[in-house]
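Undergrad: Dropping a structure here in structure tokens format, bear with me for questions.
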Amino acid sequence: MSLRLGDTAPDFEQDSSIGPIRFHDWLGQSWGVLFSHPADFTPVCTTELGLTAKLADEFAKRNVKTIALSVDSAESHQGWIKDINETQAANVGFPILADGNRKVAELYDMIHPNASTTVTVRSLFVIDPAKKVRLIITYPASTGRNFDEVLRVIDSLQLTDNHQVATPGNWKPGDDVVIVPSLKDEEVIRQKFPKGYTTLRPYLRMTPQPDRK
């Protein structure tokens with residue numbers, strides 16, 4: 001059965017480029033980004049892993065650990081990491097799972113017969129510290145992932161977990177946000193959102209992002 005938003009991310013133990021990893025223990029109290037690749041030494045994925053490495057500080061600021069997956073061996077991963085670092089001017093410091101037996105791929109429904117019966121599609125999962133799946137994106141082989149969008153969604157998830165708001169279309173950190181419709185008591189709203197709010201419709205109330213000065 002496919003994973004859905006809100007499901008518990010399956011735990012597993014698997015070899016990786018840094019040695020065996022038990023996923024939930026490795027994740028600890030961090031958020032996680034788990035993203036899969038069809039194979040080592042593939043061009044689009046080489047650029048993606050290089051970009052992920054360059055964004056290490058951005059992920060760290062958000063308490064996010066990144067972990068990639070390919071069906072090739074940990075030894076093959078080491079050669080690929082060397083290529084990534086050299087061609088992308090990067091320093092890959094995150095692990096790449098060696099999923100040769102497809103154990104993790106099967107747990108996370110990463111093998112889609114319409115694309116391939118043997119290798120993983122390019123899926124990405126955002127997992128919160130409670131080990132719940134919060135975002136699932138699957139990309140076609142020809143299109144590189146937008147990691148600015150991944151960071152944007154993580155920012156939205158972390159903001160909306162802590163405040164009774166939602167983020168509108170094309171929201172970026174610092175933009176106004178939406179007060180959730182379930183919050184109806186005006187006195188409570190004024191207390192929660194001292195910067196004020198604008199009522200465009202009873203169900204559409206905009207307020208400055210509450211955790212920004």
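Undergrad: With viscosity set to 1.567 mPa s at 4 °C, what whole-number translational diffusion coefficient in µm²/s follows for the chain from Stokes-Einstein and a Kirkwood radius over Cα pairs? Don't jump to the answer; show the numbers that get you there.
TA: On the way: Rh = 18.7 Å.
The diffusion coefficient I find is 69 µm²/s.
Undergrad: One quarter of the convex hull surface, Cα atoms only: what value does that give for the stretch 168-213 in nm²? List each step's numbers first, then the result.
TA: Working: hull surface 13.1 nm².
Dividing the Cα hull surface by four gives the mean projection, 3.3 nm².
Undergrad: I would also like to ask the following. Lysine pairs, Cα distance under 16 Å, 8 or more residues apart or cross-chain: how many in the chain?
TA: Lysine pairs satisfying the spacing and distance rule in the chain number 8.
Undergrad: Suppose only helical runs count, i.e. DSSP H with n ≥ 4. What mean residue ellipticity at 222 nm does that imply for the chain under -39500 (n - 2.57) per run, divided by all residues and rounded to the nearest 500 deg cm²/dmol?
TA: The helix-only estimate for the chain comes to -9000 deg cm²/dmol at 222 nm.
Undergrad: For residue 207, what charge total do you get from the other residues with a beta carbon under 10 Å from its beta carbon, if Lys and Arg give +1 and Asp and Glu give -1?
TA: +2
Undergrad: While we're here: Lys and Arg at +1, Asp and Glu at -1: add these up for the other residues within a Cβ distance under 14 Å of residue 51 and post the number.
TA: Once positives and negatives cancel, what remains is -2.
Undergrad: For the stretch 21-124, compute the orientation-averaged projected area of the C-alpha convex hull (one quarter of its surface), in nm².
TA: So the Cα hull casts an average projection of 6.3 nm².
Undergrad: Another question about this same structure. Would you mind telling me the antiparallel percentage of the DSSP bridges in the stretch 13-144, rounded to 5?
TA: Around 55 percent antiparallel, to the nearest 5.
Undergrad: All other residues with a Cβ under 14 Å from the Cβ of residue 174 taken together, and with Lys, Arg as +1 and Asp, Glu as -1, what is their net charge?
TA: +1
Undergrad: Against the longest alpha carbon principal axis of the chain, how many degrees, from 0 to 90 and to the nearest 10, is the axis of helix 74-88 turned?
TA: 60
Undergrad: Another question, then. I need the semi-axes of the equivalent ellipsoid of the stretch 96-213: take the C-alpha gyration tensor, multiply each eigenvalue by 5, square-root it, list largest first in whole angstrom.
TA: Largest first, the stretch 96-213 gives 39, 14, 12 Å.
Every read-out reported here was derived from the displayed coordinates using simple, explicitly stated rules and does not represent laboratory data. All values derive from a computational prediction rather than experimental measurement. Here Cβ is always computed from backbone atoms with ideal geometry, including for glycine, and neighbour counts include all displayed protein chains.
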